Amino acid sequence: MAVTGLIVASGSTPGPTVRPAAADRTAGSEVVGRTGLANLDHLDHLVDGVVPPDQARHTTHRLSEDPEISMPWTYAEPRSDGSYRRIGGGSYDPGTDTYAQGAFNADDISRAAVVYLRHFRQHGDEHSRRTAYQLLRGLTYLQTTSGPHAGNVVLWMQPDGTLNPSAEPREEPDPSDSAASFWLARTVWALGEGYAAFRDADPAFARFLRARIELAVAAIDRQVLEPRYGTY
């Protein structure tokens, strides 16, 4: 997902309807003066709230107190009236409201979180702070917290919050939290940026992020670094 651009997919697939912002942001305007050149309107439209069901080895910060987490839809399909239909990846089954891959994925959540985190740090924007916080809660929900795959990350989630560890088409590793992956690396990136942003703004949340970083780094050590130690 290109987080600063428009995500377009072909085909007609059910999904929520969203409309682009009516006002343009022009150079010299009050909005541009406050936010710089960043326009988060489309990314804001992609972000949705999800209340995931109970799933073993998956939780996040203050889930019992705040059960809704935030996730950006993977794609957006343009409509003739100028609105956009948010859709997931892979073929859609209307009977189960599921996609062969899922509605949300860890790679895009990481990228989107970093956008909002940097916007918050550069401009002190409260909306970006809140959105980054919720996206990081969503991202860490995808991280497996215990067992042989602790620290790894499930790539896909369905619209109702159900995790989909084995997507179609098949991706490596499969299941997606069974080994080190690109999305594990991107998760570490986003969590690191999150820790730096929230260390002073929300120390309790920063401590949670640090614990999840350590869990992810331990997984990388276990699966990537330790097996190759001493090999040159």
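The values are calculated or read from the model by the stated rules, or taken from the named source; none is laboratory data. Just so it is clear, the structure is predicted and the values come from calculations on it, not from any experiment. Positions of Cβ are backbone-derived with ideal geometry, glycine not excepted, and every protein chain shown enters the neighbour counts.
What do you reckon, is residue 20 part of a loop (DSSP other than H, G, I, E, B) and modelled with pLDDT under 95? For residue 20, the condition - part of a loop (DSSP other than H, G, I, E, B) and modelled with pLDDT under 95 - is met. Count of the range 51-61 residues, restricted to those that are under 17 Å from residue 132 (Cα atoms) and without any contact (Cβ under 8 Å) to a residue 60 or more places away in the chain, is 0. Taking the numbered list (1) assigned to a loop (DSSP other than H, G, I, E, B); (2) out of contact with any strand residue (DSSP E or B) (no Cβ under 7 Å at 6 or more places or on another chain) in turn, residue 167 passes all entries but (2). Considering only the range 181-220, state which residues are within 10 Å of residue 153 (Cβ to Cβ) and either at pLDDT below 95 or part of a loop (DSSP other than H, G, I, E, B) (or both). Listed by number, the list holds a single entry, 181.
Number of residues in the range 127-175 that are within 22 Å of residue 50 (Cβ to Cβ), charged (D, E, K, R) and over 12 Å from the mean Cα position of the chain (by Cα): the value is 5. In the set (1) touching a Lys or Arg at 6+ places or on another chain (Cβ under 6 Å); (2) among the hydroxyl-bearing types (Ser, Thr, Tyr); (3) exposed (fewer than 14 other Cβ atoms within 10 Å of the Cβ), residue 83 fails one condition alone, (3).
The set of residues in the range 205-222 that are within 23 Å of the chain's Cα centre (by Cα) and without any contact (Cβ under 8 Å) to a residue 60 or more places away in the chain comprises 206, 207, 210, 211, 213, 214. Would a scan of the range 103-123 turn up a residue that is at positive phi and surrounded by fewer than 24 Cβ atoms within 10 Å (Cβ to Cβ)? Checking the range 103-123: not a single residue is at positive phi and surrounded by fewer than 24 Cβ atoms within 10 Å (Cβ to Cβ).
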